[in-house]
Amino acid sequence: MAFEKLAELIFPNVEHDREYYIEKYPKRNLKEGARVTRCAPSPTGFQHIGGVFAALINERLASQSEGVFYLRIEDTDQKREVEGAIEDTIMTMHKFGMDFSEGMTGQETSKGEYGPYRQSERAEIYRTFAKDLLIKGLAYPDFCTPEELAALREEQIANKITPGYYGEYAKYRNITEEEAIERINNGETYIIRLKSPGNIENRVEFHDLIKGDISFPENNQDVVLIKGDGLPTYHFAHAIDDYLMRTTDVIRGEEWLSSLPIHVQLFEVLGFERPNYAHIPTIMKQEGGSKRKLSKRKDAEAAVSYYHEVGYPVVCVIEYLLNIVNSSYEEWRAENPTADYHEFHVALEKMSKSGALFDLVKLNDVSKDVIARMSANEVYEQYTEWAKVYDEEMYNLVISNETMSKEIFNIDKDGPKPRKDFAKWDEVKDKIFYFYDELFYNETAEQIELPKTLSLENAKAVIEEYAKKFNFNAGSQENWFEDLKVIGAELGYCANRKEYKANPDSYKGMISDVAGAVRSALSHRTNTPDLYTIMQIMGEEKVRERFNKFLEI
Ligand code: GLU
């Protein structure tokens, strides 16, 4: 049944027809195999790490095929809109190495030929296609009140019937044009629904680029296309936008998989060629024996802001996410230790089909590796950039001791196995604080660590002698250690473990106690990088001063 008059009543003054838009937004002229993908967030203001994950996959696939990656803002649910959310999304993606070649560029601005890229500005386009479906009898107005719909649902559930608005339960599915016009003229409110041509008995075979071959029953629900506020539902907007923007691959969270039957049908009803689909497994977290979704409420790491606050270099998070996308990333990284991550080729079909496990321990491992590969200068730059925002005291100390700080960041960088001591910048202070007098001398006596085998008295006795006899300019780590052994032996500390074990009573302790005393006097800690290196970085004056102060404790 065609609804020409009704369509005109509901959508008067629609300027163009569907062909106009289809011609206005022609298939893109891109090289063979180039993919057009999108990031399509709702502007809620919360940046979830899952959003970055999905965007990263979209961006990588577009970039590596020399395609287009664009930003579309899905703001048809206007209640949820948060001010500044668009800029925030653009900034976040930019920080994570992703820039859009097209789409929204700010709150009010955009670039590209396939816009508007904000759904709230596309109302006229949705109206045009909804009107066309009405005219063709493929859609109809539904006058049910929310109460009626709730009652229907309850009844269906009570009778163990699939709930929803479909077939015989769709009260207005076969409404006549006259009745609809009359109701509208009487001021009744309505929404526009799809008149689903589907039959639940039919199965649809489908190939998802991540999930592989799947099949599902055809959709038979008369889903809502246009809501009471005149704006489209996600389903309707998705079909129209992704078709008119000529998206080649819709890569989105698997929470949309259950709506796929609706989308497949909508593309058919609208007469649109369908894009490829890839449904990304949800990011999960292991909790005890079970897995659950990474939750905005429970897990700090669900928020993108967390990674900035604790100071994960962005590239570490990206590399970790790439690890989740393709487990072969780790092997690739091992074979190409210095390559840029952009050189890795993301392959959707190699992605795990089930939940992607998000694991902070693994992130830390990846991050330590990445930071270990950075030069001392790079660590300095990135650390100070972070500290400037999140730790002003460290920022001031580090920049006012630039040379020393760079030497600290350079400890054990050159060898074949560079030190992996930092996973994130908020760990730095604890590990290097002792180089800075302002922090070191602020420690209380309780904070001073000593080897378990050494009393403070004995440690002081060691330092008293050592301070007198040690040669600061030993020339090498080996000479320095020989020197330490000689001084230790004079004080009664054994340099040989076996000998000590055989005759523990003949010694005061072991050479490790002597080193422990020196370490504690210089750092207040029992665990530090190589002592000789630390002393060289501190310089003789500072070292002697610390020995003297240690004796005063
Ligand atoms: N606006 C949708 C969301 O934020 C986009 C899903 C999609 O990529 O199609 O979940």
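What the table shows:
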{"item": "In sequence order, calculated HN-Hα J values of segment 492-509 (Karplus, 6.51, -1.76, 1.60; Hz; x Gly/Pro)", "result": "x, 9, 7, 8, 10, 4, 4, 4, 5, 4, 5, 9, x, 6, 7, 10, 7, x"}
{"item": "Spatial separation of Cα centroids for segment 415-474 and segment 524-545, in angstrom", "result": "7 Å"}
{"item": "Förster radius 30 Å - calculated FRET efficiency between N202 and E273, Cβ distance, rounded to 0.05", "result": "0.90"}
{"item": "Of K431/K549; K285/K368; K350/K417; K160/K291, pairs whose Cα-Cα distance is over 23 Å", "result": "K350/K417; K160/K291"}
{"item": "Charge-dipole axis of the chain as Lys and Arg at +1 and Asp and Glu at -1 on Cβ define it, positive-most pick from G311, I463, T338", "result": "I463"}
{"item": "Segment 236-281-segment 304-332 distance, computed between alpha-carbon centres (Å)", "result": "28 Å"}
{"item": "Nonlocal amide H pairs with E102, under 5 Å, H built at 1.01 Å", "result": "F69, L71"}
{"item": "Projected label distance in nm at S305 and L439, using a 7 Å step from Cα toward the beta-carbon", "result": "2.5 nm"}
{"item": "Cα-based helix-to-principal-axis angle, 477-490 vs the chain, degrees rounded to 10", "result": "50 degrees"}
{"item": "Calculated over the chain: convex hull of Cα atoms, volume per residue (Å³)", "result": "211 Å³"}
{"item": "Cα-Cα over 22 Å, subset of K293/K362; K452/K485; K293/K388; K79/K171; K136/K227", "result": "K293/K388; K79/K171"}
{"item": "Debye, to nearest 20: dipole size of segment 281-402, +1 on Lys, Arg Cβ, -1 on Asp, Glu Cβ", "result": "920 debye"}
{"item": "Tilt relative to the chain, helix 376-390 - C-alpha long axis, 0 to 90 degrees, to 10", "result": "70 degrees"}
{"item": "Distance between modelled label sites at A334 and R292, nm, 7 Å Cα→Cβ extension", "result": "3.4 nm"}
{"item": "Förster-model FRET efficiency, 41 Å R0, V389 and E8, C-beta, rounded to 0.05", "result": "0.10"}
{"item": "Lys/Arg +1, Asp/Glu -1 at C-beta; the chain dipole; positive extreme among V389, T533, Q64", "result": "T533"}
{"item": "Inter-part distance where segment 1-70 and segment 164-193 are each reduced to a Cα centre, Å", "result": "30 Å"}
{"item": "Mean separation of Cα contacts under 8 Å, 6 or more apart, over the residue count of the chain: relative contact order %", "result": "11 percent"}
{"item": "Helix-only CD estimate at 222 nm, as mean residue ellipticity for the chain, using -39500 (n - 2.57) per DSSP H run (n ≥ 4)", "result": "-13000 deg cm²/dmol"}
{"item": "Difference of contour (0.36 nm per residue) and Cα-Cα distance, N503 to E155", "result": "116.5 nm"}
{"item": "Listed residues F46, A2, Y25: farthest to the positive end of the dipole of segment 1-56 (Cβ charges)", "result": "F46"}
{"item": "Derived scalar couplings ³J(HN,Hα) [segment 540-553; Karplus, 6.51 cos²θ - 1.76 cosθ + 1.60; whole Hz; x for Gly, Pro]", "result": "4, 4, 5, 4, 5, 4, 5, 4, 4, 5, 5, 5, 8, 5"}
{"item": "Cα-centred dipole magnitude for segment 347-462, charges only on beta-carbon of K, R (+1) and D, E (-1), debye, nearest 20", "result": "700 debye"}
{"item": "The chain: angle of helix 511-523 to the longest principal axis, Cα-based, in degrees nearest 10", "result": "60 degrees"}
{"item": "Förster radius 56 Å - calculated FRET efficiency between E19 and T403 (Cβ-Cβ, nearest 0.05)", "result": "0.20"}
{"item": "Simple Cβ-charge dipole of segment 55-107, Lys/Arg +1 and Asp/Glu -1, about Cα centre, in debye nearest 20", "result": "160 debye"}
{"item": "Potential lengthening between Q107 and E182 on full extension [0.36 nm per residue; Cα-Cα distance subtracted]", "result": "22.9 nm"}
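Here, each number is a calculation from the coordinates, and none is a lab measurement. As the structure is a prediction and not an experimental result, all values here were calculated from the model. Here Cβ is always computed from backbone atoms with ideal geometry, including for glycine, and neighbour counts include all displayed protein chains.
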